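The values are calculated or read from the model by the stated rules, or taken from the named source; none is laboratory data. Note that the structure is a prediction, hence the values are computed from the model and not measured. So basically every Cβ, Gly included, is an ideal-geometry build from the backbone, and we count neighbours across all protein chains shown.
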Amino acid sequence: MISQDHIAALSALLGPKGAITAPEALAPHLSEWRGKFFGQTPLMIAPENTAEAAKAIAYCHQNQIALVPQGGNTGLVGGGLPGLGAQQEILISSKRMNRILEVDAANYSVTAEAGCTVTVLQGAAAEAGLLFPLSLASEGSCTAGGIISTNAGGVHVMRYGNTRALTLGLEAVLPTGEIYSGLKKLRKDNSGYALEQLLIGAEGTLGFVSKATFKLYPAEVQKHTLWLAVDSPADALALLASAREASGDRVSVFEIMPHAGLEFVLAHIPGTRNPLTQKSLWYLLVEIAANRIDASLGPETEHWLMAMMDSGMIKDGAIAMSAAQAADFWRLRESMSEAQKHVGGSIKHDISVPTSSLPAFTEEASSMLEARYSGCRVTPFGHLGDGNLHFNVMQPEGADREKFLALWPEMNQLVHDLVVQYGGSISAEHGIGSLKKHELARTKTPAELAAMKAIKQALDPHAIMNPNVLFV
């Protein structure tokens with residue numbers, strides 16, 4: 001148990017704004033967005049800067065008090081909530097550490113504190129005429145520290161890479177309270193181990209990220225947004241190759257959705273409509289973007305669309321004629337998760353396979369689940385361009401929600417076994433958290449697990465940093 005003496009000591013270190021105990025103030029930080037996980041803690045600490053975080057974490061290390069780091073609390077796998085296991089934990093939030101520290105336009109980089117949201121990072125880059133390319137549905141709430149801890153991806157990975165590829169350097173407080181000062185703006189540094197890479201994707205188990213420097217890019221000043229109808233993921237994959245070639249490899253977004261998912265959106269998200277008159281089995285949201293005005297790109301995109309329609313590869317299609325229409329296309333894609341909440345229970349899988357294998361995997365996994373769970377509605381959608389699908393399975397119409405959700409571990413195992421057969425990953429961008437730690441233990445090799453645990457033991461000998469995630 002975390003004693004009142006410890007709460008008093010940490011409150012003295014951080015002051016009234018940095019130590020929160022009131023239940024009504026804690027409540028928003030203790031539930032997951034989709035309602036699967038609910039945490040508990042007697043205390044949330046919210047340091048104002050790295051020095052305060054270091055003092056608090058050093059105190060917890062000395063007294064072997066467990067901590068759970070949290071950014072914007074947009075996680076989906078129980079990775080940022082305290083009290084999900086047998087051990088009582090303190091929540092440590094980055095919400096007060098939310099400043100942009102520097103935009104170095106000449107270096108194409110931005111440095112920020114961990115509590116800055118992705119939207120703030122995007123805005124700081126835009127003010128300098130540049131682009132922070134990471135974009136995802138939760139970007140108004142998720143934070144720099146959070147995307148680092150989960151190695152978030154989003155819709156632009158195929159062109160710009162995930163968080164790991166976008167991070168130049170970072171600062172973090174290690175579990176001992178020592179400060180790791182790796183806040184570099186370098187693109188080349190071959191001076192030994194890249195220790196910051198261990199912290200990316202570590203889900204807060206190796207330290208509390210306090211600051212980060214990210215890459216920026218020239219702004220995308222010209223965009224052509226398309227909504228396309230296709231018969232199959234195999235046709236979509238062929239179109240991806242064709243679009244990359246026709247555009248001079250300027251495809252920035254290539255998202256795929258099934259008709260069932262679109263129907264959920266149209267039924268439950270007000271103000272949405274299908275841009276096309278013809279129904280199709282699958283839809284694509286494609287964005288072709290240039291970093292300079294290219295008068296030929298628009299006509300070339302239209303020519304490509306017409307050629308693919310003439311060939312039968314695209315059944316129907318539309319190009320957004322305004323920013324508002326493009327936003328309407330995007331709303332259909334970004335509402336997929338929200339719409340599913342209105343339809344019943346959904347068992348979710350955040351998986352990736354090699355892009356070339358995605359059509360075969362989708363067909364085999366869908367057939368397997370439909371045969372085993374009669375009436376289930378397989379609704380995979382996501383980032384075809386980088387092989388990442390949110391392979392969600394909705395309950396049969398009229399089924400008992402809780403009975404269906406009780407199948408989660410069994411269905412996860414079936415899907416994850418198939419993912420491994422295809423050379424894929426059971427977590428593409430959401431992380432492992434507490435939800436998938438048993439699956440991680442089952443699907444990783446003994447050597448991989450041993451190496452991960454050795455790193456954890458070396459950096460966190462008392463196992464105080466997010467002890468309920470990753471490992472069983």
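Here's the yes/no breakdown for (1) part of a loop (DSSP other than H, G, I, E, B); (2) touching a Phe, Trp or Tyr at 6+ places or on another chain (Cβ under 9 Å):
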{"site": "95", "(1), (2)": "yes, no"}
{"site": "101", "(1), (2)": "no, no"}
{"site": "115", "(1), (2)": "yes, no"}
{"site": "120", "(1), (2)": "no, no"}
{"site": "126", "(1), (2)": "no, yes"}
{"site": "134", "(1), (2)": "yes, yes"}
{"site": "137", "(1), (2)": "yes, no"}
{"site": "140", "(1), (2)": "yes, no"}
{"site": "153", "(1), (2)": "yes, no"}
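Please count how many residues of the range 122-175 are farther than 23 Å from residue 288 by Cα, of a type in the set (Ser, Thr, Tyr) and buried (at least 19 other Cβ atoms within 10 Å of the Cβ). Outline the logic, then answer.
Initially, the range 122-175 is screened for residues farther than 23 Å from residue 288 by Cα, giving 124, 140-151, 164, 167-175.
Filter once more, so that each one left must be of a type in the set (Ser, Thr, Tyr): 141, 143, 149-150, 167.
Pick out the ones that are also buried (at least 19 other Cβ atoms within 10 Å of the Cβ) and you get 143, 149-150, 167.
Residues flagged as farther than 23 Å from residue 288 by Cα, of a type in the set (Ser, Thr, Tyr) and buried (at least 19 other Cβ atoms within 10 Å of the Cβ) within the range 122-175 amount to 4.
I'd like the full set of residues that are crowded, with 16+ Cβ neighbours inside 10 Å and part of a loop (DSSP other than H, G, I, E, B), limited to the range 12-32.
Passing the criteria: 18, 30, 32.
Mind listing whichever residues of the range 262-274 are crowded, with 22+ Cβ neighbours inside 10 Å and closer than 27 Å to residue 306 by Cβ?
262
Let me spell it out: the conditions are (1) at pLDDT 95 or above; (2) in a loop (DSSP other than H, G, I, E, B), and residue 55 meets all of them except one. Which number is the exception?
Just one mismatch for residue 55, condition (2).
Regarding residue 264, is this residue farther than 30 Å from residue 218 by Cβ and not in a loop (DSSP other than H, G, I, E, B)?
Criteria met by residue 264.
Test residue 392 against the stated conditions and say whether it is closer than 18 Å to residue 151 by Cα and buried (at least 16 other Cβ atoms within 10 Å of the Cβ).
No; evaluated as a whole, the condition is false for this residue.
Quick one: residue 246 ticks every box in (1) out of contact with any strand residue (DSSP E or B) (no Cβ under 8 Å at 6 or more places or on another chain); (2) under 30 Å from residue 396 (Cβ atoms) except a single one, so which number is it?
(2)
Hey, could you check the range 58-75 for residues that are touching a Leu at 6+ places or on another chain (Cβ under 7 Å) and buried (at least 22 other Cβ atoms within 10 Å of the Cβ) and say which is nearest to residue 141 (Cα to Cα)?
70
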